[in-house]
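Student: Pasting a structure below so you can have a look.
The values are calculated or read from the model by the stated rules, or taken from the named source; none is laboratory data. Everything numeric in this text was worked out from a predicted model, so none of it was measured. Neighbour counts run over all protein chains shown; Cβ positions are idealised from the backbone, glycine included. Surface accessibility is based on the protein's heavy atoms, side chains included, excluding ligands, DNA and RNA. Shrake-Rupley method; radii C 1.70, N 1.55, O 1.52, S 1.80 Å.
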Amino acid sequence: MKKITSLLVLFLIISSCGVKQTRELVTSGDYDAAIRNSVDGLQGNKNAKGKQDYVYLLEEAFAKAKELDLHDVEGWFKDANPRNLEKIYNTYVQLNYRQEQIRPLLPLKLLKEGRDAKFPFDDYTDQIVSSKNALAKYLYDNSKALLVTKDKMTIRRAYDDLVYLETLSPGFKDTAKLIEEAKAKGTDYVNVYTKNETNMVIPMRLENDLLDFSTYGLNDKWTVYHSTPVKGIDYDYGLIVNFRDINISPEQQKEKQFEKEKQIKDGVKNLLDAQGHVVKDSLGHPIKVDNMKTIKISIYEFSQIKSCQVTAKVDYVNLKSNQLLETFPLASEFVFSNVYSSYKGDKRACEDSYYPNFARKAMPYPSNEQMVFDTGNDLKAKLKEIITKNKFRK
C-alpha cells in the first residue's frame, strides 16, 4: 500500500510539472509546443480528472494558434509579395497538421462544464493545393529568370529553389533539367598547374602526383579542380604551384667510435667473508651468490645523410580579371638517413634497442631526382591543407 501511494505521489508531481510547463508555453505564445505537450499528456486515459488541465490548455492553444495563423495568411495575401507564397503554403500545411495531431483524441470532455472541448476544424485541402501550385509556379518562373544572369551566387540561389521545387512538386515541368543547368552554371572551375622557377628539373612523377587531385577529395558542391583542362569549360580560377627553390645537400657520411660496458651474471659462487672464508648457512651449507663479470664492446657507428628542401608558393588567381587573389608559402623537407654499425667485443654490453644497427649495411644514396620526388607526400599534404582552409569564394 505504501509503495502504491508513493508511485501515485510521484505521478502527480510529474503531471503537475508538465501542466505548468504547458501553461507557460501558452502564456509565451509558443502554441504549437503547448499543443504537443498537451497531446502527449493526454495519451492513455484522456478523460481522467488529473488530465483536465491538459484539455483546457489544448483547447486554448489550438484556438489561439489557428487565429494567429489565419491572421498572418490574410496579411500576406494583402501584401501580394510573391516571397510570401512559401509562408502561406507552410502555414496551411501547419493548420492541417495541427488538426491531425488532435483528431485521434476527440472527443475530449470538460467534466466540470459538462461539455466537449471545442476544436473547430476546417478542410484546408483546397488552400494547400492552390498555395502549393502558386509557390511552385513562382519558384519555377523566378529560377528561370535567375539562370539568365551571369552571377554565380545568384544562380546558386536558383539551384536551391529548384531543388526545393523538385521536393515540393516532383516532375514539375522541366525542373530536373534546370537543376542540372544551374549546377553547371553555378560551379566554380579551378585550373591547377605548376610553374618551375628553380634551376633544376622537377621530376615528372612529382608533378603528376602533386596534380592528381582525384586523390585529394577536395571537390565540393560548388568547386571542381582540374589539373588537365577540359575542352569547353571556361575556368574561373587558377591555382598555381610555383616551385621557387630546391636545395639538395652533399652526400655525407659520419663515423664515430664509442665503448660500453656492463656487468652480467656468469653463474654462481660461494659467498666469502672479509677474511676470504666461505660463509655457510645454519645447516652448514655454503651460501651461493651471483657471480658477476664485466663485459665490454667497442662500437664503430657510420651515419649516411642526405637532405632535400623544396620551397614553393601557391597562387590563387582570378582568371576572369587576371588578378592575383592570394599567395601562400609551401615548403617541404626530406632527409635520407641510414645508420649502421660494426663492433668488437661482447654485443650484450649495449642496449637491445641498438642491435638493429648491427644488421644494417651501407646503402646507395638516392639520386637528386629521387630526393625531390620523396618530398612529394609532405608537399601534397600541405597543399591540401592550404586549399581546405582557403576557399576561392569566402
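Student: For the subset of the range 134-158 comprising residues that are open to solvent by 20 Å² or more (accessible area, probe 1.4 Å) and outside any helix (DSSP H, G or I), which member is nearest to Glu181 (Cα to Cα)?
Tutor: Val148
Student: Can you tell me how many residues in the range 92-104 are open to solvent by 20 Å² or more (accessible area, probe 1.4 Å), of a type outside the set (D, E, K, R) and in contact (Cβ under 8 Å) with a residue 12 or more places away in the chain?
Tutor: Residues that pass the stated criteria total 5.
One line per residue, one yes/no per condition, for (1) within 30 Å of Thr311 (Cβ to Cβ); (2) surrounded by 15 or more Cβ atoms within 10 Å (Cβ to Cβ); (3) not polar (S, T, N, Q):
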| residue | (1), (2), (3) |
| --- | --- |
| Lys173 | no, no, yes |
| Ala184 | no, no, yes |
| Val192 | yes, yes, yes |
| Arg205 | yes, no, yes |
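Student: Which of the numbered conditions does Ile387 fail, given that it passes all the others? Conditions: (1) of a type in the set (Val, Ile, Thr); (2) in a strand (DSSP E or B); (3) closer than 30 Å to Thr223 by Cβ.
Tutor: (2)
Student: Okay, moving on. Please state which of the following conditions Tyr56 fails to meet, knowing it meets all the rest: (1) closer than 30 Å to Gly114 by Cα; (2) in contact with a helix residue (DSSP H, G or I) (Cβ under 7 Å, 6 or more places away or on another chain).
Tutor: All conditions are met except number (2).
Student: Give the residues of the range 154-181 that are in contact (Cβ under 8 Å) with a residue 12 or more places away in the chain and closer than 26 Å to Phe392 by Cα, sorted by residue number. Don't jump to the end; show me each part of the working.
Tutor: Our first condition is that a residue be in contact (Cβ under 8 Å) with a residue 12 or more places away in the chain; within the range 154-181, this holds for 155-156, 158-159, 161-166, 168-169, 172-173, 175, 178-179, 181.
Across the range 154-181, the qualifying residues are Ile155, Arg156, Ala158, Tyr159, Asp161, Leu162, Val163, Leu178, Ile179, Glu181.
Student: Working carefully through the options Glu351, Glu369, Glu385, Glu333, find the one that is among the acidic types (Asp, Glu) and touching an Asp or Glu at 6+ places or on another chain (Cβ under 9 Å). Break it down into steps so the answer makes sense when it comes.
Tutor: On the way: Glu351 fails: touching an Asp or Glu at 6+ places or on another chain (Cβ under 9 Å); Glu369 fails: touching an Asp or Glu at 6+ places or on another chain (Cβ under 9 Å); Glu385 fails: touching an Asp or Glu at 6+ places or on another chain (Cβ under 9 Å).
It is Glu333.
Student: Also, I was wondering about something else. Contact list please: Cβ distance under 8 Å, first residue in the range 268-281 and over 20 Å from Lys293 (Cα atoms), second residue among the polar types (S, T, N, Q) and assigned to a strand (DSSP E or B), pairs at least six apart or on different chains.
Tutor: Short answer, once both residue conditions are applied: Val279/Asn270.
Student: Determine if the range 70-80 includes at least one residue that is among the charged types (D, E, K, R) and buried (at least 18 other Cβ atoms within 10 Å of the Cβ). Spell out the reasoning first.
Tutor: Here is the first cut: in the range 70-80, the residues among the charged types (D, E, K, R) are 72, 74, 78-79.
Checking which are buried (at least 18 other Cβ atoms within 10 Å of the Cβ) leaves us with none.
No, there is no match, as no residue in the range 70-80 is among the charged types (D, E, K, R) and buried (at least 18 other Cβ atoms within 10 Å of the Cβ).
Student: Could you say whether any residue in the range 336-358 is open to solvent by 50 Å² or more (accessible area, probe 1.4 Å), assigned to a loop (DSSP other than H, G, I, E, B) and more than 22 Å from Ile202 (Cβ to Cβ)?
Tutor: yes
Student: If you don't mind, another one. How do the pairs read when you match residues in the range 362-376 that are more than 12 Å from Val201 (Cβ to Cβ) and open to solvent by 50 Å² or more (accessible area, probe 1.4 Å) with residues anywhere that are modelled with pLDDT of 90 or more and of a type in the set (Ser, Thr, Tyr), using Cβ under 9 Å and keeping only pairs 6 or more apart or on different chains?
Tutor: Matching pairs, first to second residue: Ala362/Tyr340; Met363/Tyr340.
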